[in-house]
Structure formats: structure tokens, C-alpha cells
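Nothing in this text is a laboratory measurement; each read-out follows from the coordinates by a stated rule. Model, not experiment: these values are computed from the prediction. Every residue, glycine as well, gets a Cβ built from its backbone with ideal geometry; the counts of neighbours run over all protein chains shown.
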Amino acid sequence: QLAPATMPLLYNVPPKPITVVFVPGLYKEVFEEDMFAKGLRAIEDQLGLRVLRINIDSRCLSSKNAVKIAQALKDDTKSRLMRGYSKPRYVILGYSKGGLDALESLLVDTEFSRSQILGLVTIAAPIQGTKLIEVEDLQKNIYQRLAHAEAPSDCAEDTLSASLSRTARGGFFVKNLE
């Protein structure tokens, strides 16, 4: 069994009270074990940070998942405030398509994002799109056969290329980088 070498903390000052928000990527519905589970546990155990895992279906359009992410963060904020905690601040960690979904979530409610989101970190996110997804029908057919559950009904007609193609990503940036 391989395990990463432990790394000592580079500081003794406790980190700011932030919540790390994990947004999973494409094929989340295929793989049983979350490949980030050990790292997320380390963030909680070794750094003492709270980790919030957002449950979205990666087969849905990024624009739909963005709304779900934004709502989950607002619900989390409301819940934390009702229990007497201070207003949470978030660092979002988006893997693969989760990075695109998270990026788009920042635009759902810009006032909320500006006041509570400290940053967005993406890992292997096709920010400018990918031509690998342009064989759309093949990708969707493979995905549907491997997934553990059907896509949500509001996403059943969505296509992976509608969020991941170079054309789709270019359109997002043209629309939002004025």
C-alpha cells in the first residue's frame, strides 16, 4: 500500500476558520471510492479545517450544478448562523468538471461570493474546454452504462459536451468576461 510521506506544518499559527468545499468531477457516479477522501480527511484532522462535500451529479450541465452549489453554500451559512457560529468563509476545491461547476457557481450570487468565498482551487479542470468530449454520444453511452444510478430527471437530456466542449467554455467566457 502506498501512502504519501507526512509533511510537517510550516507554521504554528492556527489557520483561519474556513470551510474547504469539495466539488467532485466527472465520473463521480462511476467510482465507488472518492479518490480525494484521504486528503480531505487530512485537511480535517491535521489542519483542523471543516470540509463540506457538495453532492452534485456530474452529468448535469455546469450551469445547473452551479445553482445547486450556490444554494448548498447558502444553506450551510444559514445553518451555521442559526447554531450560533460566525458566518463561514469558503475555499472551494473543484476537481475536473467540478472545477467548472464551481467556477460558474461564483456568478450565481456575486454578492454572496464576494463576501464569503475566499478562493477557488481547481485540479485538472478543463477551464478552456476539451476536445476529448467532442465524441459526445460515445461518452454519454459509456457513462450511462457505468454509472451506479440514473441521471437526475432534470439532467437526463443534458449532454457532457454542453459544459465541457471548447465551444461551450469559450461561450461562457465571452458572456462573463466583459
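Key figures for this structure:
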{"item": "Amide H contacts under 5 Å for residue 93, placed H, 5+ residues apart", "result": "21, 22, 23, 121"}
{"item": "Förster radius 30 Å - calculated FRET efficiency between residue 114 and residue 174 (Cβ-Cβ, nearest 0.05)", "result": "0.85"}
{"item": "Spacing of the two label points (7 Å from each Cα toward its C-beta) at residue 75 and residue 53, in nm", "result": "1.6"}
{"item": "For peptides 67-76, 153-162, sequence by mean Cβ density within 10 Å, most packed first", "result": "67-76, 153-162"}
{"item": "Label-point separation, residue 127 to residue 149 (7 Å along Cα→Cβ), nm", "result": "3.2"}
{"item": "Protection proxy ranking, peptides 39-48, 84-93, average beta carbon neighbours within 10 Å, highest first", "result": "84-93, 39-48"}
{"item": "Net +/- balance of residues flanking residue 87 in space, Cβ distance below 11 Å, scoring K and R +1, D and E -1", "result": "+2"}
